[in-house]
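Take a look at the structure below.
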Amino acid sequence: MEGAIPTYDLLRAPRGCSMVRLRPFLLAIAWGLAGVLAAQSHLAEGFTGLPGGATVAVMPLDVELYAVTAGGVLEPRAEWTAKAVANLKEALRLRGAGQGGRFVPAPPGDGELLAELNHLHAAVARAIDLHHFGTWKLPSKAGKLDWSLGEEVAEIRRQTSADYALFLYLRDSYATGGRVATMVLYAALGVGVGGGAQVGYASLVDLKTGRILWFNEMVKATGDVRELEPAKTTLGHLLKAFPG
């Protein structure tokens, strides 16, 4: 039976994953062992916050949950992911956009476009994590949050009349009983194995230009988004310093 200890095994990357993509998970291992929560947010130059009455289209949540086997293999769990998405949607509804603004759902009609934009956001978010918050900083950015998702996001504006879009990305995993036993065994040998992490990105995007106005990276050592109350806590960290 699966346990409730979230953990990423980063020494065994899932097939097709590069070390660049896994950088935040590698950090999660180090911070997770120390029980540390890391959240880093940044505003684009010239942007201070949402104006009153702004409308924010919430993109389909890019969320995946996994079970970690005794050998460290990540197995996707569709049922867990569905629960997490429902809980995070409810947490978003209860939270609201702030400053008189409001969250609205992205249009469900063009699923292919929404999926492409989510994939693009995931790639750009990893690049921001690597080149803005990480050690491989790009001289051309001069330390500024200067990233864009391009003009395709304007279609979301046309369909919703929203001013901005909110993209949320979250990866979480939970140890099976066999994995917990492996962790205990390694601990007895003096070898540390990751004790749990949630890794997420959040971006606020200007739908007129595609420019990312606010970005937050979250690495959380504990939590269980399969339950509503912990999901609220995770969302709070993911949207820490949200400019609304």
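Within the stretch 72-90, the presence of at least one residue that is surrounded by fewer than 17 Cβ atoms within 10 Å (Cβ to Cβ) and either among the polar types (S, T, N, Q) or modelled with pLDDT under 90 (or both) is confirmed.
I'd like the full set of residues that are at pLDDT 95 or above, of a type outside the set (Val, Ile, Thr) and over 16 Å from His132 (Cβ atoms), limited to the stretch 209-225. Residue satisfying the conditions is Gly210 alone. A Cβ distance below 9 Å, combined with a sequence gap of six or more or placement on separate chains, defines the contacts here; from the stretch 138-163, residues that are open to solvent by 70 Å² or more (accessible area, probe 1.4 Å) reach residues that are at pLDDT 95 or above and assigned to a helix (DSSP H, G or I) in the pairs Glu152/Glu116; Glu152/Leu117; Glu152/Leu120.
Within the stretch 77-115, restricting attention to residues that are of a type in the set (A, V, I, L, M, F, W, C) and part of a strand (DSSP E or B), which residue is nearest to Ala202 (Cα to Cα)? I'd like the intermediate steps shown before the answer.
Step one: of the stretch 77-115, the residues of a type in the set (A, V, I, L, M, F, W, C) are 78, 80, 82, 84-86, 88, 91-92, 94, 97, 103-104, 106, 113-115.
When the remaining residues are screened for being part of a strand (DSSP E or B), the result is 103-104.
Working: Phe103: 14, Val104: 16 Å.
Here the residue is Phe103.
Consider Glu152 against the criteria (1) in contact with an Asp or Glu (Cβ under 9 Å, 6 or more places away or on another chain); (2) outside any helix (DSSP H, G or I); (3) at pLDDT below 95: it satisfies all of them except one. Which criterion is unmet? Unmet condition: (2).
Can you name the residue in the stretch 219-230 that is of a type outside the set (Asp, Glu) and within 18 Å of Thr81 (Cβ to Cβ) and is also least open to solvent (accessible area, probe 1.4 Å) among such residues? Reasoning before the result, please.
Taking the stretch 219-230 first, the residues of a type outside the set (Asp, Glu) are 219-223, 225-226, 228, 230.
When the remaining residues are screened for being within 18 Å of Thr81 (Cβ to Cβ), the result is 220, 223, 225-226, 228, 230.
Numbers: Lys220: 20, Gly223: 20, Val225: 0, Arg226: 38, Leu228: 57, Pro230: 44 Å².
Result: Val225.
Would you call Thr48 open to solvent by 30 Å² or more (accessible area, probe 1.4 Å), modelled with pLDDT of 90 or more and not aromatic (Phe, Trp, Tyr)?
yes
Within the stretch 107-116, can one find any residue that is closer than 20 Å to Leu235 by Cα and surrounded by 15 or more Cβ atoms within 10 Å (Cβ to Cβ)?
No.
Inclusion of Tyr164 among residues that are under 24 Å from Arg226 (Cβ atoms) and at pLDDT 95 or above is not warranted.
Scanning the stretch 91-102 for residues that are surrounded by fewer than 18 Cβ atoms within 10 Å (Cβ to Cβ) and in contact with a strand residue (DSSP E or B) (Cβ under 9 Å, 6 or more places away or on another chain) yields Arg93, Arg95, Gly96, Arg102.
The values are calculated or read from the model by the stated rules, or taken from the named source; none is laboratory data. From a predicted model like this one, the values you see are computed outputs, not experimental measurements. Every residue, glycine as well, gets a Cβ built from its backbone with ideal geometry; the counts of neighbours run over all protein chains shown. These area figures cover heavy atoms from the full protein model, side chains too; ligands, DNA and RNA do not enter into them. Shrake-Rupley method; radii C 1.70, N 1.55, O 1.52, S 1.80 Å.
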